[in-house]
Amino acid sequence: MNVLPSTSPPKHVSLLGYGGLLPFIFLALLIPLSLDYRPLFAIALVNYGAVILSFVGALHWGFAMTVHDMSTEQRSDRLIWSVIPALIAWIATLLAMPLGCLLLVIGFVVHLRQDRQLLRVMRLPAWYLPMRLRLTLVASVCLLLAAMVETLHS
């Protein structure tokens, strides 16, 4: 595995990464608890998920621009992939809420797979993939639970 030795993320990385899960968690909890504001919370959840999926896709743009020992083909692959999550996210915002959530989950899971592909191209800190897996799992569970609630209450 092509990883750098650090086993735990810097404290600020953990705070930012895991703190980014709070809107997923709170919105997923508010959707079943609020009849009056459920549509607003559902839209907010899909939109937040879209923003985050776009953000993680942009990481690959940054990698393509800064990693010096990539081949031209590898750099091109990273640049192409980097815009795909934003396109997936945009489409998710145009779909009915349950389908938008499902598409975002698919986008997060496929992006996690792309992050694993990075190990063929560059070295990553040892904490990066485990943290990305945890972030993806929590965000995906929140999106799936909200989609299920929305489907049951429609």
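No lab work stands behind these numbers, since they all come straight from the coordinates. Computed from a predicted model, the values in this text were never measured in an experiment. Positions of Cβ are backbone-derived with ideal geometry, glycine not excepted, and every protein chain shown enters the neighbour counts.
What the table shows:
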{"item": "Pair list, Cβ under 8 Å, 6 or more apart: segment 26-54 residue closer than 16 Å to M148 by Cβ, other residue among the acidic types (D, E)", "result": "I31/E150; R38/E150; A42/E150"}
{"item": "Long-range neighbours under 6 Å by Cβ, at least six apart or interchain, first residue closer than 30 Å to A28 by Cβ and free of Cβ contacts under 8 Å to residues at least 12 places away in the same chain within segment 119-137, second polar (S, T, N, Q) and in a helix (DSSP H, G or I)", "result": "none"}
{"item": "From the options L103, L79, residue that is surrounded by fewer than 16 Cβ atoms within 10 Å (Cβ to Cβ), farther than 21 Å from Y37 by Cα and either hydrophobic (A, V, I, L, M, F, W, C) or touching a Lys or Arg at 6+ places or on another chain (Cβ under 9 Å) (or both)", "result": "L79"}
{"item": "Residues satisfying the stated conditions in segment 106-154, i.e. more than 13 Å from the chain's Cα centre (by Cα) and either of a type in the set (S, T, Y) or not in a helix (DSSP H, G or I) (or both)", "result": "V121, M122, R123, L124, P125, A126, W127, Y128, T151, H153, S154"}
{"item": "Matching option when the condition is in a helix (DSSP H, G or I) and touching a Phe, Trp or Tyr at 6+ places or on another chain (Cβ under 7 Å), among S8, S82", "result": "S82"}
{"item": "Selection within segment 87-99 - within 16 Å of T136 (Cα to Cα) and either small (G, A, S) or surrounded by fewer than 16 Cβ atoms within 10 Å (Cβ to Cβ) (or both)", "result": "A89"}
